[in-house]
Amino acid sequence: MEFDPETIRQFEYQGWERAAAAYGETFAQASGCYVEALLDAARIGAGMRVLDLACGTGLATAAAARRGAAAIGRDFSAAMLGAARAAHPGLRFEQGDAEVLPYPEASYDAVVSNFGMHHFPHPDRAAAAAGSVLRPGGVFAFTSWAEPARNLAWRLLFDAVRVHGDPDAAKAPPSGGGLARIEATLAVLRGAGFDDCEAKLEDREWEVTDPADLVASLRRGTVRTAALIEAQDPSAMPAILSHIARAAAPYRRDEGFAIPIVAILARGTRA
């Protein structure tokens, strides 16, 4: 399918509008594992002015505020912002695009984005926009999911769909992100003019009661992966779930399963 930024934006918007209600109890259990490391990378502390791009339900915004920062969350999804405002009524959240920021130069000491960059049609523009509102010496830090070969949660699903379903069933528009490798995240930061760019892999465990909960969380709390699951023939789902359950057996713990997940944590400094 041809790359069309507006098609991608609409696909993502509709998906996040749908996922917002369930995000906190589903996929946030995975994405939330990285919030503190993200804020550490951006050196978030008391008194700092912080912008959280693609803030979703406000996990990183609220965590920055708990550190004493003056944090603002920004997201294009009205439903996500509704969930953020309900969960964090004392914080400020704004609706808008991450690729065009209506703030004066040097408005912020740090800009962060927890798993937002790879959803943007043009992540390079989002990085440049972040740089434009940072003070000199300010930090832009973001996380993105590492490639499925490193990420067991996605590999379990993709392997099962490849064997028992149809990997091409979703017909989703191509992603604008492409940030599943360290080299790609560094290229975006350097291309936007950041100095002292760094990126590294961060390993965590996504705890679920049952492997079926993993699929349910991806189905209810994501967009592109949810589209893949929804597109499968319902008659294939029992075999897909059984395949995932067998493959997840080595990760059983006393109270459930601890599924390894891997993200890239990248940061750069405004010159």
Quiz prompt | Taking the range 1-88 and dividing mean pair separation by its residue count, relative contact order in percent (alpha carbons under 8 Å, at least six apart) | solution = 31
Quiz prompt | Value of relative contact order over the chain, rounded to a whole percent, pairs C-alpha under 8 Å and six or more apart | solution = 23
Quiz item: Between Ala212 and Arg85, what is the FRET efficiency for a Förster distance of 25 Å, r being their Cβ-Cβ separation, to the nearest 0.05?
Solution: 0.20
Quiz item: How large is ³J(HN,Hα), in whole Hz, for each residue of the range 36-43 in order, when computed from phi with the Karplus curve 6.51 cos²θ - 1.76 cosθ + 1.60 and θ = phi - 60°, using x for Gly and Pro?
Solution: 5, 5, 4, 5, 4, 4, 8, 6
Quiz item: Rounded to the nearest 0.05, what FRET efficiency do Glu255 and Glu6 have when you use their Cβ-Cβ distance and R0 = 35 Å?
Solution: 0.20
Quiz prompt | Listed residues Ser175, Cys197, Ala160: farthest to the positive end of the dipole of the range 121-271 (Cβ charges) | solution = Cys197
Quiz item: How far is it, in nm, from the label point at Val100 to the one at Asp195 when both lie 7 Å from their Cα along the line to the Cβ?
Solution: 3.1
Quiz prompt | From phi via Karplus (6.51, -1.76, 1.60), per-residue ³J(HN,Hα) for the range 129-139 in Hz, x at Gly/Pro | solution = 5, 4, x, 5, 9, 7, 6, x, x, x, 10
Quiz item: Between Arg162 and Ala271, what is the FRET efficiency for a Förster distance of 35 Å, r being their Cβ-Cβ separation, to the nearest 0.05?
Solution: 0.20
Quiz item: Between the range 19-84 and the range 154-221, what is the C-alpha centre distance in whole Å?
Solution: 19
Self-check item: Cα-centred dipole magnitude for the chain, charges only on beta-carbon of K, R (+1) and D, E (-1), debye, nearest 20
Solution: 420
Exercise. Take Arg43, project a point 7 Å from its Cα along the Cβ direction, then tell me which residues of the range 82-121 have their backbone nitrogen under 14 Å from it.
Key: 109-111
Quiz prompt | Distance histogram in 5 Å bins (all Cα pairs of the range 225-271, percent per bin) | solution = 4, 14, 15, 16, 16, 13, 7, 5, 5, 3, 1, 0
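None of the figures in this text is laboratory data; all of them are computed from the coordinates on show. Because the structure is a prediction, the values reported are computed rather than measured. We place every Cβ from the backbone using ideal geometry, glycine too, and count neighbours over all the protein chains shown.
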